[in-house]
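S.K.: Got a structure for you, written out below as structure tokens; questions coming shortly.
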Amino acid sequence: MTARSRPWLAGLRPYRPGSHEALEAGMLASNESPFRASATLPEAITAAIGSLHRYPDPTATRLREQLADLHDVDPEYLLVGNGSDELIYLLTWAFAAGGSVVCADPAYQLDVITAQVARAEVHQVPLVDWHHDLTAMAAVEADLAYVVNPHNPTGTAHPLEAITAFAGSSHADLLVVDEAYIDFASVDSALPLAREGKAVVLRTLSKLYGLAGARIGYLIGDPAVLDVLRSIRPPFSVNTLAQAAASAALGDTEHTRRALIATLRNRDRLRDLLRSHGLRPVASEANFILVPGVDERRFVGTAADLGVAIRPGTSLGVPGAVRITVPDDAGLALLEPVIAAYARDSPGVTEV
Ligand SMILES: *Cc1c(COP(=O)(O)O)cnc(C)c1O
């Protein structure tokens with residue numbers, strides 16, 4: 001056998017997941033929800049076991065109807081995927097393979113990896129003041145533009161007016177607005193652009209809804225765009241148990257509301273805690289905070305010693321920074337001594 005992988009895969013830097021080697025409340029490297037999913041899930045999943053001998057509903061009919069209600073769009077404007085990561089793959093294959101993609105630098109890792117796999121040229125435009133440089137990105141001719149709003153790994157967001165202006169001026173043929181963290185943001189969603197066919201909007205249940213392990217993401221946009229993705233997708237990628245879990249989670253709006261309030265409250269607490277030790281976190285509109293200007297190896301090491309996993313910036317394209325997921329109260333209690341110990345041993349950091 002002389003298997004030879006395609007030559008353009010040679011330089012690929014594979015996706016690097018965050019560490020899960022930590023105490024339960026200290027898993028703060030992957031922007032998961034610190035809260036368990038809705039208590040309605042066990043019953044819904046148990047009921048779905050009864051139909052596991054059948055293939056899943058390839059179009060996730062029930063789930064799309066719920067999402068259509070939630071977002072006030074026709075179900076035809078919705079495509080559910082095995083996490084948004086599957087949808088990013090499909091978008092890149094269908095609309096940029098052999099062509100070109102424009103995205104930020106640093107970008108969400110998958111936007112770059114999928115482009116490299118599909119042999120698309122990647123134009124990365126450096127951030128300005130931790131934000132997408134939308135003006136510079138708009139000038140780039142590309143088949144596909146990825147705007148992550150709020151951005152990962154920085155947590156910064158652009159108002160809808162700026163995204164709308166970008167949609168009008170961009171030299172890219174298709175605009176994808178990845179709104180994985182929009183639930184935590186003060187800015188408005190680009191959904192109006194999706195309804196008008198000027199952008200496709202990517203959402204996930206992996207963050208606010210606490211379903212990272214179930215793998216549910218979805219796209220909202222022009223049915224003509226989604227039809228192309230449907231025609232190339234693996235038909236049964238979203239399994240029956242995940243569809244049931246997602247439907248139950250979406251139905252428990254009170255649980256979701258409480259998770260959001262607790263996350264926003266603890267984001268403020270985490271920001272204040274960092275500042276009180278002289279650190280300068282980037283103002284975040286997401287469920288994580290980027291802390292630049294640190295010795296990331298020592299910060300990550302100090303955290304690991306105390307049972308806490310946080311993300312080193314180098315793995316996210318921001319050397320000299322750490323990214324910390326907003327924890328629950330128990331996680332915040334674990335973080336306090338980490339931040340204090342790090343700051344105590346840092347000559348550059350002054351207590352304020
Ligand atoms: C977490 C995240 C997602 C969600 O991915 P899933 O595959 O739905 O879990 C998408 N985009 C960005 C930028 C993210 O950070």
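The values are calculated or read from the model by the stated rules, or taken from the named source; none is laboratory data. The model shown is predicted, which means the values in this text are computed figures rather than measured ones. All Cβ positions, glycine included, derive from the backbone under ideal geometry; neighbour counts span all protein chains shown. With ligands, DNA and RNA removed, areas are computed over all heavy atoms of the protein, side chains included. Shrake-Rupley method; radii C 1.70, N 1.55, O 1.52, S 1.80 Å.
S.K.: Compute log10 of I(q)/I(0) for the range 12-124 with the Debye formula, placing one identical point scatterer on every Cα and leaving out solvent, at q = 0.09 Å⁻¹, to two decimals.
M.R.: -0.40
S.K.: Check residue 321: other-chain or 5+ apart residues with amide H under 5 Å from its amide H, H built from backbone geometry?
M.R.: 294, 296, 313, 314
S.K.: So what's the projected area for the chain, the Cα convex hull averaged over all directions, in nm²?
M.R.: With the hull built on Cα positions only, its mean projection is 19.0 nm².
S.K.: Can you compute the helix-only [θ] at 222 nm over the chain? Use -39500 (n - 2.57) per DSSP H run of at least 4 residues, normalise by all residues, nearest 500 deg cm²/dmol.
M.R.: Rounded to the nearest 500, it is -11500 deg cm²/dmol.
S.K.: How big is the equivalent ellipsoid of the range 103-218 along its three axes, where each semi-axis is √(5λ) from the Cα gyration tensor, reported in whole Å from largest to smallest? Walk me through the intermediate numbers first.
M.R.: Numbers: eigenvalues 84, 58, 41 Å².
For the range 103-218, the semi-axes come out at 20, 17, 14 Å.
S.K.: Consider just the alpha-carbon atoms of the range 31-85 and return their Rg together with their Dmax, both in angstrom.
M.R.: Reported Rg and Dmax, both Å: 13.6, 34.
S.K.: Another one. Taking amide H positions as placed in the peptide plane 1.01 Å from N, state which residues far from residue 123 in sequence (5 or more) or on other chains have amide H under 5 Å from it.
M.R.: 101, 102, 103
S.K.: Also, I was wondering about something else. Taking only C-alpha pairs under 8 Å that are 6+ residues apart, what is the relative contact order of the chain in percent?
M.R.: Working: 702 pairs, mean separation 83.0, N = 352.
With pairs under 8 Å counted, the relative contact order is 24 percent.
S.K.: Using amide H atoms built 1.01 Å from N in the peptide plane, name the residues 5+ places from residue 204, or on other chains, whose amide H lies under 5 Å from its own.
M.R.: When sequence neighbours closer than 5 places are left aside, the close amide H contacts are 218.
S.K.: Note the full-extension length gain between residue 268 and residue 49 as 0.36 nm times their separation in residues minus their Cα-Cα distance, in nm to one decimal.
M.R.: Length difference between fully extended and current span is 74.8 nm.
S.K.: If I ignore ligands, DNA and RNA and count only protein heavy atoms, how much of residue 27 is accessible to a 1.4 Å probe, in Å² to the nearest 10?
M.R.: Its accessible surface works out to 50 Å², give or take rounding.
S.K.: Using r as the Cβ-Cβ distance of residue 196 and residue 258, and R0 as 25 Å, what FRET efficiency do you calculate, to the nearest 0.05?
M.R.: Using R0 = 25 Å, I get an efficiency of 0.15.
S.K.: Then there is this: Where does the range 247-333 land on Rg(C-alpha)/(2.2 N^0.38 Å)?
M.R.: 1.20
S.K.: Can I ask one more? With a 1.4 Å probe and all protein chains left in place, how much of the accessible area of the chain comes from carbon and sulfur atoms, in whole percent?
M.R.: 54
S.K.: I'd like to check one number: the per residue accessible area of the chain, probe 1.4 Å, reported in Å² as a whole number.
M.R.: Accessible area per residue: 45 Å².
S.K.: Still on this structure, please answer the following. If you take every DSSP beta bridge whose two residues both sit in the chain, what share of them, in percent to the nearest 5, is antiparallel?
M.R.: Bridges in the chain that DSSP calls antiparallel: roughly 45 percent.
S.K.: From the backbone phi of the range 35-49, what are the Karplus-calculated ³J(HN,Hα) couplings (6.51 cos²θ - 1.76 cosθ + 1.60, θ = phi - 60°) in whole Hz, Gly and Pro given as x?
M.R.: 9, 5, 5, 3, 5, 7, 5, x, 5, 5, 6, 4, 5, 6, 4
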